[in-house]
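Below: one structure, written as structure tokens.
The values are calculated or read from the model by the stated rules, or taken from the named source; none is laboratory data. This structure is a prediction, so every number in the text was calculated from the model and none was measured. Reconstructed Cβ throughout: ideal geometry from the backbone, glycine too, with neighbour counts over all protein chains shown. For accessibility, only protein heavy atoms count, side chains too; no ligands or nucleic acids. Shrake-Rupley method; radii C 1.70, N 1.55, O 1.52, S 1.80 Å.
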Amino acid sequence: MSLVKDFETIESLEFIVQFSVLSGFSSLLRAFANDATVEALSAKLGAQANACQSVVNRINQVLTKSDVELYDESIAAYLFCLWKADLPLAHKASERILETGGLWWSVQLALHIIKEAQAETV
Amino acid sequence: MTLLPFDDDPRKPVYARSGWEIPQLEWSEFIYHSGLQTETVVRQRTDSLLRDMARKQKRITRIRSVSTYLYNCVGMIFANRRAWIEIDVLDDILREDGYTKVALQQLEAGDIVSYAFDGSPTHVGLVTFVERYEGEVAGVTVLSKWGKDAEILHPMSDVPVTFGAPSDFWSERTPHVIG
């Protein structure tokens, strides 16, 4: 499946609602780790040049949507994959996410990544 | 009684029966500062979820409510719909509130069912009805809040895949004998 197809799947309501029903940040991380679509995207980020940058660009596009809150779980899934592949890039994306309103899981993951990145630089 | 005015921190302390303060996310403040979810989005997600459940031959009884206020399954039961409490502290709350495990056969309305996926807690619901046939439990209806989405009345095992399955049953009841 191409990156564009992955983006379509991750931004579909069918994907989103699997994760919006969860009640804990650690449950979310476990669910992402067990999800086939997330796993497929993660594999591409490790194997394809520029794939990480494409995901960052996609996050930035989704963040400008007027109904961005609907895509909270999609953004979190993108960030999760990025976090596993490229921490500095995930850190930058996290800072951008924190500027956006109406998000829940994405903000929690962004804060988690920022803390981890800061701990690595100390 | 003096009512305190709302302040800028959405987190209000919640205590267990033992007096232990139930921990809440420091991150919660971010949702306050960044705005709550809209009802349209909650309804969109809930509709999609129910269509997905129907495709998987899972039933729900009724959507009880849709709220833009951010609380989850743990907050629904243990904080009267006032708070988001991470599912990871469920065991601590049950212990500090004096709950004990009960067998399925002992289950009554008002008891609690917890769910787990691969051994990790994912969800908790309030038992609202236990159907018995010839003394055996034939069906259990549960009311629970599905993450950021709606409160739903559903058969105990008809839940989203990410919840896993019912793992344990809990009650704080003590037997009552009419004197």
Check: Among (1) without any contact (Cβ under 8 Å) to a residue 24 or more places away in the chain; (2) of a type outside the set (D, E); (3) more than 16 Å from A:I10 (Cα to Cα), where does A:G102 come up short?
Finding: (1)
Check: On the given criteria, is A:Q53 part of a helix (DSSP H, G or I), more than 10 Å from chain B (Cβ to nearest Cβ) and out of contact with any Phe, Trp or Tyr (no Cβ under 8 Å at 6 or more places or on another chain)?
Finding: yes
Note to self: Kindly evaluate B:R64 against the criterion of being basic (K, R), in contact (Cβ under 8 Å) with a residue 12 or more places away in the chain and not in a loop (DSSP other than H, G, I, E, B).
What the structure shows: yes
Next item on the list: With a cut-off of at least 1 residues that are open to solvent by 50 Å² or more (accessible area, probe 1.4 Å) and either aliphatic (A, V, I, L, M) or touching a Pro at 6+ places or on another chain (Cβ under 6 Å) (or both), name the strands (runs of 3 or more DSSP E) lying wholly within the stretch B:100-147.
Entry: B:120-133, B:136-145
Notebook entry, point to check: Just wondering, is there one or more residues in the stretch B:168-178 that are part of a strand (DSSP E or B) and within 14 Å of chain A (Cβ to nearest Cβ)?
Noted result: no
Next item on the list: Name every residue in the stretch A:1-23 that is open to solvent by 10 Å² or more (accessible area, probe 1.4 Å), in a loop (DSSP other than H, G, I, E, B) and within 14 Å of chain B (Cβ to nearest Cβ), in order of residue number.
Entry: A:E11, A:S12
Margin query: Checking the condition in a helix (DSSP H, G or I) and away from chain B (no Cβ under 14 Å), which residue from A:R58, A:R96 passes?
Written below: A:R58
Margin query: Being of a type in the set (S, T, N, Q) and either over 22 Å from A:S54 (Cβ atoms) or within 15 Å of the chain's Cα centre (by Cα) (or both) is the filter here; which residues of the stretch A:1-19 pass it?
Written below: A:T9, A:S12, A:Q18
Notebook entry, point to check: Which of (1) of a type outside the set (D, E, K, R); (2) at pLDDT below 95; (3) open to solvent by 10 Å² or more (accessible area, probe 1.4 Å); (4) within 14 Å of the chain's Cα centre (by Cα) is the odd one out, the single condition A:Q48 does not satisfy?
Noted result: (4)
Notebook entry, point to check: Taking the condition within 13 Å of the chain's Cα centre (by Cα) and at pLDDT below 95, does A:D86 pass?
Noted result: yes
Notebook entry, point to check: Looking at the stretch A:62-107, which of its residues are over 16 Å from A:F7 (Cα atoms), open to solvent by 10 Å² or more (accessible area, probe 1.4 Å) and of a type in the set (S, T, N, Q)?
Noted result: A:S66, A:T100
